[in-house]
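Peer 1: The structure that follows is given in the form of structure tokens.
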Amino acid sequence: MRTVAAAGALAAMLVACAPADPGGATPGPSAASSPLRVAVVGDSLSFGDSSVFTQEGLGEGSYLFWALGDDALLAGGTAVPGATSLHQLERVTPVEADVLILALGTNDLAWGLPFGETASALVSIAGVVDAPRVLLLSIPPISDDYALDTTAYNRQLRALAGEQGWEWVDAAAAIREGAAWAPGATDDGVHYTLEAARKVGEAVGEALRSGS
């Protein structure tokens, strides 16, 4: 059983990564080839080492740096380190997008939020953005020090995707070994290394472009 102290310690580490002035993304550049417009609502795993959450500001530590490109641009959204789905429901605004990527859950699990609250917030976020396609991403493992079961949590997320008609993307499979982190995929038990971000981004990019 996870202790309250352990959850608090993990949550504090996640929140400590938050930028001083987090905000939503602004529209990215357009391209003559009518690129896929992608909205993202996430946390530190989406923000990574970005300077600002825009197409131009994405850092290589964000899986989005590797997932997007000339044919798929960040159209808007919000990614704030330490944020839960409830926090992001308060921040999200409508975005003209072809696809919405929902990449939340790690902080919800760390804080011990009931999954029903997370599910309701995710559905509401999707309703605000109102994109034709929604991709719900799996969350990566969390260090064994906190005894949080991400395998069971991902099963719940996958079931939610099925109920809502969303596309389930187990992008974290690329950096897992069994139920744990693959060697070299994390430095702190929570966040991706640069190589892990690349692998996750490639998986997300493939899902974006598959249209299925």
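The values are calculated or read from the model by the stated rules, or taken from the named source; none is laboratory data. Only a predicted model underlies this, so the values are computations on that prediction, with no experimental measurement involved. Please note: Cβ atoms are built from the backbone with ideal geometry, for glycine as well, and neighbour counts cover all protein chains shown. Just the protein is used for accessible areas: all its heavy atoms, side chains included, with ligands, DNA and RNA removed. Shrake-Rupley method; radii C 1.70, N 1.55, O 1.52, S 1.80 Å.
Peer 1: Going residue by residue through segment 159-168, is there one that turns out to be within 21 Å of Ala83 (Cα to Cα) and more than 17 Å from the chain's Cα centre (by Cα)?
Peer 2: no
Peer 1: Among the residues of segment 157-185, count how many are under 24 Å from Arg133 (Cβ atoms) and of a type in the set (D, E, K, R).
Peer 2: The number of residues fulfilling the criteria is 4.
Peer 1: I would also like to ask the following. Please specify each residue of segment 98-115 satisfying the condition of being in contact (Cβ under 8 Å) with a residue 12 or more places away in the chain, surrounded by fewer than 24 Cβ atoms within 10 Å (Cβ to Cβ) and part of a loop (DSSP other than H, G, I, E, B).
Peer 2: The answer is Asp98, Gly112, Leu113.
Peer 1: Any chance you could count how many residues in segment 53-84 are assigned to a helix (DSSP H, G or I) and at positive phi?
Peer 2: Matching residues across segment 53-84 total 0.
Peer 1: Restricting attention to segment 61-92, which residues are of a type in the set (Gly, Ala, Ser) and open to solvent by 10 Å² or more (accessible area, probe 1.4 Å)?
Peer 2: Of everything in segment 61-92, those that are of a type in the set (Gly, Ala, Ser) and open to solvent by 10 Å² or more (accessible area, probe 1.4 Å) turn out to be Gly61, Gly69, Ala75, Gly77.
Peer 1: Working only within segment 103-135, note down all residues that are acidic (Asp, Glu) and within 25 Å of Gly48 (Cβ to Cβ). Don't jump to the end; show me each part of the working.
Peer 2: In the first step, residues of segment 103-135 are kept if they are acidic (Asp, Glu); the result is 108, 117, 130.
The answer is Asp108, and nothing else.
Peer 1: State all residues of segment 142-167 that are without any contact (Cβ under 8 Å) to a residue 40 or more places away in the chain, open to solvent by 20 Å² or more (accessible area, probe 1.4 Å) and of a type in the set (A, V, I, L, M, F, W, C); if no residue qualifies, say none.
Peer 2: Correct list: Ala152, Ala159.
Peer 1: Within segment 168-183, restricting attention to residues that are in a strand (DSSP E or B) and either among the aromatic types (Phe, Trp, Tyr) or within 16 Å of Gly105 (Cα to Cα) (or both), which residue is most open to solvent (accessible area, probe 1.4 Å)?
Peer 2: Trp168
Peer 1: Given the residues Ser124, Ser120, which is the only one that is open to solvent by less than 60 Å² (accessible area, probe 1.4 Å), assigned to a helix (DSSP H, G or I) and among the polar types (S, T, N, Q)?
Peer 2: On the way: Ser120 fails: open to solvent by less than 60 Å² (accessible area, probe 1.4 Å).
None of the other options fit; the residue is Ser124.
Peer 1: Let me ask something else. Look at Pro141 and say whether it is assigned to a loop (DSSP other than H, G, I, E, B) and in contact with a Ser or Thr (Cβ under 7 Å, 6 or more places away or on another chain).
Peer 2: It is true that Pro141 is assigned to a loop (DSSP other than H, G, I, E, B) and in contact with a Ser or Thr (Cβ under 7 Å, 6 or more places away or on another chain).
Peer 1: Okay, moving on. Which condition number does Ala197 fail, the rest of (1) open to solvent by less than 10 Å² (accessible area, probe 1.4 Å); (2) within 18 Å of Ala110 (Cβ to Cβ); (3) out of contact with any strand residue (DSSP E or B) (no Cβ under 8 Å at 6 or more places or on another chain) being met?
Peer 2: It fails just one condition, (2).
Peer 1: Every residue in segment 15-52 that is open to solvent by less than 40 Å² (accessible area, probe 1.4 Å), modelled with pLDDT of 50 or more and either in contact with a Phe, Trp or Tyr (Cβ under 6 Å, 6 or more places away or on another chain) or not in a loop (DSSP other than H, G, I, E, B) (or both), please.
Peer 2: Scanning segment 15-52 gives Val38, Ala39, Val40, Val41, Gly42, Ser44, Leu45, Ser46, Phe47.
Peer 1: Let me ask something else. Hey, can you tell me all the residues within segment 46-64 that are in contact with an Asp or Glu (Cβ under 9 Å, 6 or more places away or on another chain) and of a type in the set (Phe, Trp, Tyr)?
Peer 2: Answer for segment 46-64, where residues must be in contact with an Asp or Glu (Cβ under 9 Å, 6 or more places away or on another chain) and of a type in the set (Phe, Trp, Tyr): just Tyr63.
Peer 1: Could you grab me the full set of residues in segment 184-212 that are assigned to a helix (DSSP H, G or I), of a type outside the set (S, T, N, Q) and over 10 Å from Tyr63 (Cβ atoms)?
Peer 2: Leu194, Glu195, Glu206, Ala207, Leu208, Arg209
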